[in-house]
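These notes are about the structure you will find just below.
The values are calculated or read from the model by the stated rules, or taken from the named source; none is laboratory data. Fair warning: this is a prediction, and the values are worked out from it, not measured in the lab. Because the Cβ atoms are built from the backbone with ideal geometry, glycine has one as well, and the counts that use them run over all protein chains shown.
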Amino acid sequence: MTASVSLPPVAEAARRALPAFVRAREQMMWIGGRQVAAASGRTLPNTDPATEEALAGVPRGEAADVDAAVRAARAAFTDPAWAGMSPDRRGRILNRIADVIEKHADELATIDSVNMGAPHRVTTHMLAEASETFRYYAGWPTKLSGVAVPAGNDHMLYTRKEPLGVVGVIWAWNGPMGQLPGKLAPALAAGNTVVLKPAETASLSTLRLAELLATTDLPAGVVNVVTGLGSEAGQALVGHPGVAKIAFTGSTATGKAVQRLATDTLKRVTLELGGKSPSVVFADADLDAAARGVAAGFLGNAGQACVAGSRVFVEEGIREEFVQKLLKTMEAAFTPGDPLTPGTLVGPVSNKAQFDRVSSYLDIARQEGANVVTGGGRFGDHGYFIAPTLLDNVRPGMRVVREEIFGPVGVLSTFTDLDDAIAQANDTDYGLAASVWTTNLTTAHRMAAAIEAGTVWVNSWGQMSTGNLPFGGYKQSGLGYEGGLEGLDAYTQAKAVRITL
Ligand code: NDP
């Protein structure tokens with residue numbers, strides 16, 4: 001896999017037809033229903049990771065901009081236009097947002113593909129999940145209720161589920177339109193207002209979405225967007241006393257820093273963090289299906305998935321047969337290509353910093369004595385492409401086995417039996433997801449119960465919830481849940497009312 005990547009004609013045509021939005025000189029933030037530049041006038045560049053060409057810049061929002069956005073969100077929170085809106089109307093607005101996302105799905109998917117390199121097929125899928133998530137939460141405002149609690153004749157006791165206030169949303173670059181809905185939809189369904197801080201290298205789709213939200217009946221100031229650096233805008237949002245909750249997706253290290261800072265003002269915090277998820281293949285599995293699923297697990301979105309199945313465990317007796325199938329699948333379906341070419345499953349990694357980080361892990365792998373079965377370096381001569389890489393001869397203590405690489409790199413080991421598979425799968429600080437490949441029902445259920453992870457797929461990898469299932473991490477993969485009722489409760493607080501009769 002050393003061929004150079006040249007953009008095929010289809011992709012070149014797609015690039016000529018790119019939405020004007022990504023080519024504009026610079027985009028604007030959204031505060032209080034108005035488009036604004038950063039108070040400092042400064043901007044941040046954006047780069048297409050497949051071509052290394054410049055895209056529209058975004059404002060470099062800082063503390064002053066965050067303060068303005070939080071003030072706007074606080075004003076909107078108590079404004080009767082939002083605070084007094086009927087639950088039915090709020091539900092209809094969420095459905096309207098789903099409509100708008102559906103209508104503009106191709107445009108938003110293209111913006112993300114160009115801005116952060118995920119294949120169009122992947123970003124399109126994320127947009128489909130996005131609209132479904134808004135539809136799921138559109139049903140909740142009319143059902144979000146407290147309870148009447150039994151009491152004697154002298155009292156009436158009941159509870160109310162109330163919104164928290166202003167929610168700060170901070171998330172990562174690897175799936176801007178994939179990660180936002182699980183936070184924004186329940187926050188709005190519960191009646192909160194929000195300040196969004198997208199990742200600095202992948203903010204364009206959020207700014208375009210904000211333009212589209214302005215065409216719905218959402219009152220001004222309910223959704224605000226401040227672009228900028230994590231160390232500036234992000235930190236200011238987490239530290240702001242006017243923010244009631246931070247919903248965060250990102251690395252475990254940053255998540256811990258966010259939680260520490262949020263403690264000063266005792267904000268609620270939910271954290272969706274990193275992973276080093278196991279894919280476990282038993283000898284009785286459908287090995288062709290397993291090879292496809294395992295390859296997708298560590299190569300999908302160029303391995304930049306929090307749920308990436310980057311640790312592969314194969315039952316000893318089928319190791320050779322499975323590795324041959326896996327290599328064939330990697331070659332046939334996962335050769336990197338232009339994200340805009342239909343059918344591409346692996347694009348470039350998302351930005352230069354990530355390219356350097358993944359490259360350094362490949363050096364570390366060699367230094368630690370891992371064997372490079374395939375890949376192991378840059379793919380092509382331009383763009384931030386990394387060759388799909390499989391490593392074996394790895395030991396449990398190696399950094400490439402323990403740390404999240406967040407690139408198209410899998411590490412392969414074998415196991416002897418079910419107990420050994422469970423022990424190795426759980427030998428990690430993370431616990432976000434796992435996939436198990438077996439045709440034995442007992443093995444499937446035993447593994448599903450024993451694996452310490454928030455999501456376990458059996459005979460598949462990667463299907464995400466469209467709002468209706470809780471998604472969260474065990475151990476150092478997160479705190480709290482997104483999705484389902486758990487994901488809605490995370491945006492509410494309970495009030496007890498005691499009336500003396
Ligand atoms: P980071 O933690 O570096 O950044 C995430 C977001 O936090 C970005 O918007 C970033 O801003 C911002 N940020 C950075 N520093 C601070 C700070 N001190 N205070 C407040 N905000 C800050 O993660 P990456 O962007 O590198 O994303 C990759 C990580 O995200 C991986 O570990 C991956 O596993 C995880 N992830 C988890 C998911 C889950 O649901 N569990 C889903 C997807 C990804 P800036 O843009 O300036 O860096």
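Here the condition is being modelled with pLDDT of 95 or more and either aromatic (Phe, Trp, Tyr) or not assigned by TED's automatic domain parsing to the domain that holds Arg121 (or both); of Leu488, Leu391, it holds for Leu391 alone. Can you confirm whether Ala421 is touching a Pro at 6+ places or on another chain (Cβ under 7 Å) and among the hydrophobic types (A, V, I, L, M, F, W, C)? Against the criterion (touching a Pro at 6+ places or on another chain (Cβ under 7 Å) and among the hydrophobic types (A, V, I, L, M, F, W, C)), Ala421 does not qualify. Inside the range 314-333, residues that are buried (at least 22 other Cβ atoms within 10 Å of the Cβ) and within 22 Å of Ile451 (Cβ to Cβ) make up a count of 4. Considering the range 160-181, and only residues there that are of a type outside the set (A, V, I, L, M, F, W, C) and more than 8 Å from the ligand (Cβ to nearest atom), the residue that is farthest from Ala98 (Cα to Cα) turns out to be Arg160. Where helices (runs of 4 or more DSSP H) fall entirely within the range 11-119, those with at least 3 residues that are touching a His at 6+ places or on another chain (Cβ under 8 Å) and assigned by TED's automatic domain parsing to the domain that holds Leu184 are at 63-78, 105-116. Could you say whether any residue in the range 158-179 is of a type outside the set (Phe, Trp, Tyr), free of Cβ contacts under 8 Å to residues at least 60 places away in the same chain and either surrounded by fewer than 24 Cβ atoms within 10 Å (Cβ to Cβ) or not assigned by TED's automatic domain parsing to the domain that holds Gly303 (or both)? No, there is no match, as no residue in the range 158-179 is of a type outside the set (Phe, Trp, Tyr), free of Cβ contacts under 8 Å to residues at least 60 places away in the same chain and either surrounded by fewer than 24 Cβ atoms within 10 Å (Cβ to Cβ) or not assigned by TED's automatic domain parsing to the domain that holds Gly303 (or both). Does at least one position in the range 282-294 carry a residue that is assigned to a helix (DSSP H, G or I), in the same structural domain as Glu404 (by TED's automatic domain parsing), in contact with a strand residue (DSSP E or B) (Cβ under 8 Å, 6 or more places away or on another chain) and at positive phi? Looking for residues that are assigned to a helix (DSSP H, G or I), in the same structural domain as Glu404 (by TED's automatic domain parsing), in contact with a strand residue (DSSP E or B) (Cβ under 8 Å, 6 or more places away or on another chain) and at positive phi, one finds none in the range 282-294, hence no. The conditions of being buried (at least 20 other Cβ atoms within 10 Å of the Cβ) and away from the ligand (no atom under 16 Å from the Cβ) are not met by Val307.
Within the set Leu196, Leu188, the sole residue that is more than 16 Å from the ligand (Cβ to nearest atom) and buried (at least 24 other Cβ atoms within 10 Å of the Cβ) turns out to be Leu188. In the range 480-497, the qualifying residues are those that are among the aliphatic types (A, V, I, L, M) and crowded, with 16+ Cβ neighbours inside 10 Å, and the one that is nearest to Thr249 (Cα to Cα) is Ala490.
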